[in-house]
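The values are calculated or read from the model by the stated rules, or taken from the named source; none is laboratory data. Given the structure is predicted, the values throughout are model-derived calculations rather than measurements. Here Cβ is always computed from backbone atoms with ideal geometry, including for glycine, and neighbour counts include all displayed protein chains.
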2 protein chains.
Amino acid sequence: MTDETPGLSPEELGAYFAVMEVSSLLQYAVDAHLRAEGDLSYVQFQILARLVDAPDGRLRMTDLADGVVYSRSGLTYQAGLLDKRGLITRSSSPDDERVIVVTVTDSGRGLVARVLPGHVADVRRLLFDPMATGDLAALSEVLGRVRAHMRATPPRSAKPRAKRRGAG
Amino acid sequence: MTDETPGLSPEELGAYFAVMEVSSLLQYAVDAHLRAEGDLSYVQFQILARLVDAPDGRLRMTDLADGVVYSRSGLTYQAGLLDKRGLITRSSSPDDERVIVVTVTDSGRGLVARVLPGHVADVRRLLFDPMATGDLAALSEVLGRVRAHMRATPPRSAKPRAKRRGAG
DNA sequence: CCTACTTGCTTCGAATTCGGAACAGGAGAA
DNA sequence: TTCTCCTGTTCCGAATTCGAAGCAAGTAGG
C-alpha cells in the first residue's frame with residue numbers, strides 16, 4: 001500500500017477539511033443551543049427525535065443505537081438519564097424478554113416540540129442560509145451517494161486489531 | 001421566533017442528516033485506522049499534521065487549539081500525551097515568556113509520514129471514491145461557502161447562558 | 001429434556017473531553 | 001516604580017464515551 005497512494009489533490013484536501021469543520025462547528029453550535037433551551041445533549045435530542053418520529057413512539061434499544069452512538073453501553077447510559085428525567089420509559093417486550101422497548105412519554109414529546117423550532121432555526125441559519133440556489137440539491141446528491149456507500153461498507157472489516165482505549 | 005420557523009424541507013432535512021452522518025462515520029473510520037496503525041487519536045493526528053505543515057514545524061499552543069479542540073485544557077492534555085511519547089517538544093518563546101511553542105520532533109514527523117498514506121487512502125475510499133465527476137467541485141463550492149459563513153458567525157453570541165457540564 | 005451457541009442489554013473500568021478556577025508573564029497608566 | 005488589566009497555560013471536577021465482561025433469554029441439535 002506504499003506504491004499506490006496518489007495522495008489528495010488540494011481541492012480534495014479542502015473538501016475533506018470542510019466536511020469535518022462544518023459538521024464539527026454545526027454540532028457544537030446546535031449542541032450548545034439544545035443544552036441552553038432544554039438541557040439536552042445532541043445525542044439525547046437525537047434519541048428523542050428518533051422516538052417521536054417512530055410509529056407509536058416506540059423503538060428497541062438496538063434500533064435506537066444504530067446511527068446515534070457507536071456502542072450499546074453508551075445508549076444504556078443515555079437512556080438511563082432520559083428515563084430518570086421522565087422523558088422516556090423502558091419496558092420488556094412481551095414477545096422477547098431480552099428486548100427493551102423504549103417509549104417517549106408526553107413529557108418527552110413536549111420537550112422535543114419545545115426545542116425543535118430553535119434547533120431547526122440553528123440548522124437553517126448555519127447550514128442553509130449561506131447556500132446559493134442549487135447548492136442544496138448538489139449537496140444532497142453528493143452526500144447521499146457518499147452516505148449510501150459508507151453504509152454499504154461496514155468499518156468493522158477494516159480494523160481487525162484496533163485497540164481503542166476509552167472514549168473516542 | 002415562534003412565528004417564523006418554517007421548518008426544514010425534506011430535502012434540507014436529508015442534507016442535514018447526511019452531513020452529520022457522513023462526517024461521523026468518516027471520523028470514526030479514520031480514527032480507528034489511525035489508532036491501529038500509529039496508536040494516534042484523530043485529535044492527536046490533527047495536531048501533528050498541523051505542526052508538520054507549519055513553517056519550521058513550530059506553532060504556539062493557542063494557534064494549535066483553534067480548529068482542533070474547543071478548549072485550551074483539552075489541548076494541554078493531548079500535548080502532554082504527545083510530549084510523553086517524544087513526538088513533540090514544548091518550550092517557552094524567547095520573545096514572550098507566556099507563550100509555549102510546540103515543535104514536532106523527527107520521531108513525530110516519522111510517525112505522521114508512516115500513517116499518512118493509510119489515512120489518505122481511507123479518506124479517498126470512503127469520501128471520494130463514491131463521488132461522480134463534478135461532485136468534488138460542487139462539494140467544495142458549497143461547503144466552502146458554509147464554512148466561511150460559520151467562521152464569520154461566532155457561536156458564542158448565540159448561547160449566553162449555556163450551562164454545559166463536562167465533555168460535549 | 002439438556003447442552004451449546006447466539007442475541008440483547010447492563011455493569012464496570014479506563015480514557016478523553018470540556019468549562020471554570022488558579023497561576024504566571026507582559027503592557028500601559030499614573 | 002506600582003497598580004491594574006490582559007494574555008496564555010495548567011489544574012481540577014464533572015460528564016460522556018468506549019470495549020470487555022457478565023447475565024438473562026431465545027434457538028438449534030441430540
Restricted to region A:81-99, and to residues that are of a type in the set (A, V, I, L, M) and within 11 Å of DNA strand D (Cβ to nearest atom), which residue is nearest to the other protein chains (Cβ to nearest Cβ)?
A:LEU81
Out of (1) out of contact with any Leu (no Cβ under 6 Å at 6 or more places or on another chain); (2) over 27 Å from A:LEU116 (Cα atoms), what's the single condition that is false for B:PHE45?
(1)
Return a yes/no flag: does region B:34-55 have any residue that is more than 7 Å from every other protein chain (Cβ to nearest Cβ) and more than 30 Å from B:ASP129 (Cα to Cα).
yes
Among (1) at pLDDT 90 or above; (2) at positive phi, there is one condition A:MET20 misses while meeting the rest; what is its number?
(2)
Quick test of your reading of the structure: A:SER91 fulfils all but one of (1) assigned to a helix (DSSP H, G or I); (2) more than 9 Å from DNA strand C (Cβ to nearest atom). Name the failing condition by number.
(1)
May I ask you to list the residues in region B:124-156 that are at pLDDT below 90, touching a Leu at 6+ places or on another chain (Cβ under 9 Å) and not in a helix (DSSP H, G or I)?
B:THR153
Looking at A:VAL30, A:VAL102, can you tell me which residue is within 14 Å of DNA strand C (Cβ to nearest atom) and away from chain B (no Cβ under 14 Å)?
A:VAL102
B:SER107 passes all but one of the listed conditions (1) within 14 Å of chain A (Cβ to nearest Cβ); (2) more than 10 Å from DNA strand D (Cβ to nearest atom); (3) free of Cβ contacts under 8 Å to residues at least 40 places away in the same chain; the exception is number (1)
Take A:ASP53 and tell me if it is closer than 30 Å to B:ARG145 by Cβ, within 14 Å of DNA strand D (Cβ to nearest atom), of a type in the set (Asp, Glu) and within 15 Å of the chain's Cα centre (by Cα).
no
Candidates A:ARG85, A:ARG50, A:ARG90, A:ARG72, filtered to the one that is closer than 22 Å to A:VAL30 by Cα, among the basic types (Lys, Arg) and in contact with a helix residue (DSSP H, G or I) (Cβ under 7 Å, 6 or more places away or on another chain)
A:ARG50
